[in-house]
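The values are calculated or read from the model by the stated rules, or taken from the named source; none is laboratory data. Just so we're clear, the structure is a prediction, and the values are computed from it rather than from any experiment. Note that each Cβ is placed from the backbone with ideal geometry, even for glycine, and that neighbours are counted across all protein chains shown.
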Amino acid sequence: MTDRLLIRIYPDDRYEKPRRMYEPARVKILFVAESPPPDPERFFYFENVPYHDSLFWETMKVLYSAREIDRGGKREFLERFKCDGYHLIDAVESPLPDGADKERAIRDSLENLKSKLRALRDAKVIDDDTKIILISKTVYDVCVGALKDDGFNVANTEMIPLPVQGHAKQFREKLSRVLNMTTTPLVSIVMGSDSDLEIMNEAAKALAEFGIPYEIDITSAHRSPARTSEYSRGLKARGVKVVIAGAGGAAHLAGVIAAETTLPVIAVPIPSTALLGLDSLLAMVQMPAGIPVATVAIGKPGATNAGILAAQMIGLYDDAVAKKLVAYKEKLVEGVEAKSRKLKEGRKS
């Protein structure tokens, strides 16, 4: 249903396909920007954007504590954006030429925008809990009252500027306030290679469920030892509380980090060789006395548990996280009870 809906919502094929590729099944936060850029190479959802993509990267700095522009890794950021329930649409679906009257164009497209949002709501892609964040003064001024009157949950109570012409810092500060986020990551997820990202994203999903800010980085214990040492020594100064390290093969990354920090380190064995992760597991779990590493299961289940374990550590001092953990455990119980009822009802029939 959603695919058919999006074909109608985004008739311009250049923009419809990438939006659909990165649209979550359910949108938690929906950003509304002005319009696709006149230069189509700068479109938010295009993977190979060579320049002038400040909206994308400044957003990634707020959501994921991205420290630098990494255009080679844009696809991975887009996947995380999708997995965490974020999506972006434009108030005007077609690019506006330079010098166009943006306010008039957005006002002329307002009914169309509301129709898009209603259609997404009818398709259950968004719901009453979905926060809508209006980006740019023009979008905010034109749309805020109309969308609220139509029953949509507009989150920002003031305009958030586009991160251009010296407004990047203001953009980050205002967006962080709206999202009620700290820009300081409490958990650092690190891996030895970008090939590990699919698995380590499971840890990120778990942290996102508990509302814990995190960062993701790559460093290798063997290929970049100096970088790994610098990363490890700087963790506490950056406010990080827990490290989740994933590696495969001769998986020494977690142990090397643990040797250089007093922060708790959780290790995720990656099944990257013919031994299917058993080598990684043994390399991680067999740490010498004095350098503890909390090693979880191999692969995606382990990454999920690493995220939950990090949340439990943070929940020791953060009451809000502790309450979410209680709710999570209750949901697990409800899931087992539902399966039990289904099994019993099936046997009766």
The lone condition Ile199 fails out of (1) modelled with pLDDT of 90 or more; (2) farther than 16 Å from Ala267 by Cβ is (2)
Filter region 265-282 for residues that are surrounded by fewer than 24 Cβ atoms within 10 Å (Cβ to Cβ) and among the aliphatic types (A, V, I, L, M) and give the result. Ala274, Leu275, Leu276, Leu278, Leu281, Leu282
Residues of region 205-259 being over 18 Å from the mean Cα position of the chain (by Cα) and hydroxyl-bearing (Ser, Thr, Tyr), in sequence order, are Thr219, Ser220, Ser224, Thr228, Ser229, Tyr231, Ser232
Which pairs do you get when a residue that is over 27 Å from Lys300 (Cβ atoms) and of a type in the set (S, T, N, Q), found in region 171-195, comes within reach of a residue that is at pLDDT below 85 and in a loop (DSSP other than H, G, I, E, B), reach meaning Cβ atoms under 7 angstrom, with the pair 6+ apart or on two chains? Ser176/Thr183; Thr183/Ser65
Is it fair to say Ala155 is among the hydrophobic types (A, V, I, L, M, F, W, C) and touching a strand residue (DSSP E or B) at 6+ places or on another chain (Cβ under 6 Å)? yes
Every listed condition ((1) aliphatic (A, V, I, L, M); (2) touching a strand residue (DSSP E or B) at 6+ places or on another chain (Cβ under 9 Å); (3) more than 30 Å from Val256 (Cα to Cα)) holds for Val333 save (2)
Conditions (1) part of a helix (DSSP H, G or I); (2) touching a helix residue (DSSP H, G or I) at 6+ places or on another chain (Cβ under 7 Å); (3) not hydroxyl-bearing (Ser, Thr, Tyr); number of the one not met by Leu162: (1)
Kindly check whether there is at least one residue in region 128-142 that is at negative phi and modelled with pLDDT under 90. yes
Give me the pairs: first residue in region 67-84 and free of Cβ contacts under 8 Å to residues at least 40 places away in the same chain, second residue hydrophobic (A, V, I, L, M, F, W, C) and part of a loop (DSSP other than H, G, I, E, B), beta-carbon distance under 8 Å, and six or more apart or on different chains, which are they? Arg71/Val49; Lys74/Val49; Phe77/Ala66
Exactly one of Ser94, Ser115 is outside the structural domain of Phe210 (by TED's automatic domain parsing) and in contact (Cβ under 8 Å) with a residue 24 or more places away in the chain, and that one is Ser94
Just the residues that are modelled with pLDDT under 85 and under 30 Å from Phe210 (Cβ atoms), please, taken from region 73-112. Gly73
Determine which single condition Thr262 fails, assuming it passes every other condition in (1) surrounded by fewer than 22 Cβ atoms within 10 Å (Cβ to Cβ); (2) modelled with pLDDT of 95 or more; (3) touching a helix residue (DSSP H, G or I) at 6+ places or on another chain (Cβ under 7 Å). (3)
Unique residue being of a type in the set (D, E, K, R), touching a Lys or Arg at 6+ places or on another chain (Cβ under 6 Å) and not assigned by TED's automatic domain parsing to the domain that holds Asp122 when the list is Glu202, Glu198: Glu202
Qualifying residue in region 214-227 (condition: under 23 Å from Arg75 (Cα atoms) and assigned to a loop (DSSP other than H, G, I, E, B)): yes
Residue check, Ser136 of a type in the set (Gly, Ala, Ser), surrounded by 14 or more Cβ atoms within 10 Å (Cβ to Cβ) and free of Cβ contacts under 8 Å to residues at least 24 places away in the same chain: no
Of the residues that sit in region 283-300 and are surrounded by fewer than 16 Cβ atoms within 10 Å (Cβ to Cβ) and touching a helix residue (DSSP H, G or I) at 6+ places or on another chain (Cβ under 8 Å), which one is farthest from Leu253 (Cα to Cα)? Ala297
